[in-house]
Each structure stands twice: as C-alpha cells, then as structure tokens.
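The structure appears right after this line, and notes come after that.
The values are calculated or read from the model by the stated rules, or taken from the named source; none is laboratory data. No experiment lies behind these values; they were computed from the predicted model shown. Here the Cβ positions follow ideal geometry from the backbone for every residue, glycine too, while neighbour counts run over all protein chains shown.
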C-alpha cells in the first residue's frame, strides 16, 4: 500500500512540475502518441491538451521533418539514440512554422524495458530567424564585395589597356631624347628628363600590379600539395640575386606544406618577402624568418623581419588597394602588393594578418589549408 501511495505521489509531483514549467513538456507513448502535455506546450502550438492527447506526435510535425522524426523515434526505442537533442520544425495551429529544440529521453522500468518517452520542447523560432537574418546579411555583404571586386577588375583592365600605349610612347621618346640630345641638355634638363623616365617607370609598375591583381582574382585555381618552404627559398634567392650588394639572412623552416595553387602562392610570398626585404634595407644584415606550425586543418605561417615596422593604428589600411603606410623614400610602392596577398589567401579559404611596431619589425601571419602529408607526419 505504501509503495502505491509513494508512486502516486511521485506522479502527482511530476505533473505539478510539468504544469509549472515554462517550457513545453510532454509524455509520448511507445507508439509515438501524445499522452500528456503541459500548458506551455499548448501555448507553443496553439492546441489544447484535449485536442492533442491521443494524436500521433507526427500530427503537426512539419512535412519536411516527418521522416527524420520517425528515425529519431526508432533510434530512441532501439537504444541507438540514448538521448535526443535536436532542432525540428512543427506547425502551429495557425499554419506558421515553429522551430523547436527537442530533448527526448526514454523512461525505462527496472529491467530496462522502455515505458514511455519524456520530451522537453523549447521554441527557438526567434533565434532561428536571427540566425537567418545574420546569414542573409553576410550573404549580402559577400555579394557586395564580389561586385566591388568585379568593378575593380574592370577598372584595372580599362586602365591597363588605355594607358599602356601612351606610356610606351613616353618611355620610348624619353629614352631617345636622353640618347640623342644628352650633350645639349644642361643639369636642370637632365633632372627633368630623369623625373619623366622615373614617373613612367612607376606607372609601368602600377599597370603591371593592376594586371596581377586582376589575375589573382579571376584565374582558375589549380590546387595541389605545395612545398611552401621551397617557394620561400626560391623567392629569397631571387631577392638576393636582384641585390647582391645587400647582406641578408633568410631562414626558412623546412617541411611547410599546404594545399593550394603554386603559382598564386609563389606570387604571395614574393610580395610578403619582398616587403620584408625592402623595409629592412636600413638594417644590415637583412634578417627574415619564415616559420610555421599546424593548427588543426590549417598551417599557420609567420614571416618575420627586423625592419622599420609600422604603426598599428593604421593597420586597417594595410590590405586595402592603393593604401600605403610608407612613403617612396621608405620603400613604399604602388599599394597593391598586400591587397594581392589578402586576395590570394582568401581564395585559398585562408587569411592574413599583421603585427608590428615602429622601428621594431613586422610579422605577417598566414593561415592556409595544411597538406595531408603534414597531418600524417605529426600523427
């Protein structure tokens, strides 16, 4: 008698707890029918308990989630799903979709046989709508950025096409004038001519950079297993060959392997190591270190120099086209090199960032997809 009273008291307390709960609670039998539901459940779906009890739990499950719900019920009863924690869609009485986070556990007897299912249901429609809105905003921003990129490409192509011919004329006639009239020109004339030829050279470099920017944005990726260490050694040798008078120490950690397009990665390293080189010319010997380590599926690569650095207050401009943190007297160029670096990193589903202090050097950190061979070697 006392055991019966105790059981009844426990059931009553459980029902009181259900009634007082602010979240939807329900009992479902082994055939998948609603047995009991609490007031929060009624408010969530717009049905009274009398209308719900005895109906299949699938009665107002969203049609797209019915098969999924059947699989969940089967898994709970056969033990392959010990505890369910999932999001499902239900239909409110009004016909609107209600996104619900469902927690379901199986109540069993002393022999482990299932008796019924206890479900807790939380309305997460507002959270889901916020996530959709956030994703829509991100998609819109991505689309706007793609449009901006295409406009930049069109601009670059137009500029390169329209300016290339007159620029060649300026370069050619300046060279002819310097060759044929050198004896008749005084010091001021020679200075003017030098400035003209220097400006033409800078314009030619800018046009080449614009073409490169268009290339890295539009070219088809040909991914493969790339030895980044080999590419860095290659770029370092090119820099040393171009300025053999400069003493330099370029140390590259071996075994840095990524998945990517070798052509674009070589171009990216050319800009990063080239910057490290030219902004370190005042510090002999030039010291550049390339090192890295695996972080999950990514390879994090650091390119560190001991050059003139820059003020981090202006770091937000660093990877934007035509933005320069240094003047020509400090080695500043056309302002497109780091924009290309970021574009290449992003096309590889990676990233690039920088850290520096004035007169204390810079560190550029790349994150790129690690090659599988790296994972095998460190496993």
Identify all residues within segment 5-28 that are at pLDDT below 70 and in contact with a strand residue (DSSP E or B) (Cβ under 8 Å, 6 or more places away or on another chain); write none if there are none. none
Selection status of residue 335, at pLDDT below 85 and in a loop (DSSP other than H, G, I, E, B): yes
Hey, can you tell me all the residues within segment 41-56 that are surrounded by 14 or more Cβ atoms within 10 Å (Cβ to Cβ) and either farther than 15 Å from residue 119 by Cβ or in contact (Cβ under 8 Å) with a residue 40 or more places away in the chain (or both)? 41, 44, 45, 46, 47, 51
Residues of segment 224-256 satisfying the condition of being closer than 22 Å to residue 346 by Cβ and either buried (at least 21 other Cβ atoms within 10 Å of the Cβ) or more than 28 Å from the chain's Cα centre (by Cα) (or both): 226, 228, 231, 232, 235, 256
With the structure loaded, tell me whether residue 265 is touching a helix residue (DSSP H, G or I) at 6+ places or on another chain (Cβ under 8 Å), modelled with pLDDT of 90 or more and either closer than 22 Å to residue 363 by Cα or part of a loop (DSSP other than H, G, I, E, B) (or both) or whether it fails that test. yes
Go through segment 287-316 and count every residue that is in contact with a strand residue (DSSP E or B) (Cβ under 7 Å, 6 or more places away or on another chain), outside any strand (DSSP E or B) and either within 14 Å of residue 352 (Cβ to Cβ) or outside the structural domain of residue 250 (by TED's automatic domain parsing) (or both). 1
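Would it be correct to say that residue 230 is in the same structural domain as residue 258 (by TED's automatic domain parsing) and not in a strand (DSSP E or B)?
On the way: in the same structural domain as residue 258 (by TED's automatic domain parsing): yes; not in a strand (DSSP E or B): yes.
For residue 230, the condition - in the same structural domain as residue 258 (by TED's automatic domain parsing) and not in a strand (DSSP E or B) - is met.
Quick check on residue 221: is it without any contact (Cβ under 8 Å) to a residue 24 or more places away in the chain and either surrounded by fewer than 16 Cβ atoms within 10 Å (Cβ to Cβ) or farther than 30 Å from residue 147 by Cα (or both)?
Here the answer is no, as residue 221 does not meet what is asked.
Given the options 197, 180, 184, 251, name the one that is in the same structural domain as residue 343 (by TED's automatic domain parsing) and free of Cβ contacts under 8 Å to residues at least 60 places away in the same chain. Talk me through it step by step, then tell me what you get.
On the way: 197 fails: in the same structural domain as residue 343 (by TED's automatic domain parsing); 180 fails: in the same structural domain as residue 343 (by TED's automatic domain parsing); 184 fails: in the same structural domain as residue 343 (by TED's automatic domain parsing).
Of the residues listed, the single one that is in the same structural domain as residue 343 (by TED's automatic domain parsing) and free of Cβ contacts under 8 Å to residues at least 60 places away in the same chain is 251.
Quick check on my filter: what residues within segment 224-238 are out of contact with any helix residue (DSSP H, G or I) (no Cβ under 8 Å at 6 or more places or on another chain) and touching a residue at least 40 places away in the same chain (Cβ under 8 Å)? Please lay out each step first, then the result.
Going residue by residue through segment 224-238, those that are out of contact with any helix residue (DSSP H, G or I) (no Cβ under 8 Å at 6 or more places or on another chain) are 227, 229-230, 233, 237.
229, the sole residue that qualifies.
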If you check every pair at least six apart or on different chains, which have Cβ atoms under 6 Å apart with a residue in segment 262-282 that is free of Cβ contacts under 8 Å to residues at least 40 places away in the same chain first and a residue that is assigned to a helix (DSSP H, G or I) second? 266/231; 270/235; 277/239
Any idea which of (1) modelled with pLDDT of 90 or more; (2) within 23 Å of the chain's Cα centre (by Cα) is the one residue 321 doesn't satisfy? (1)
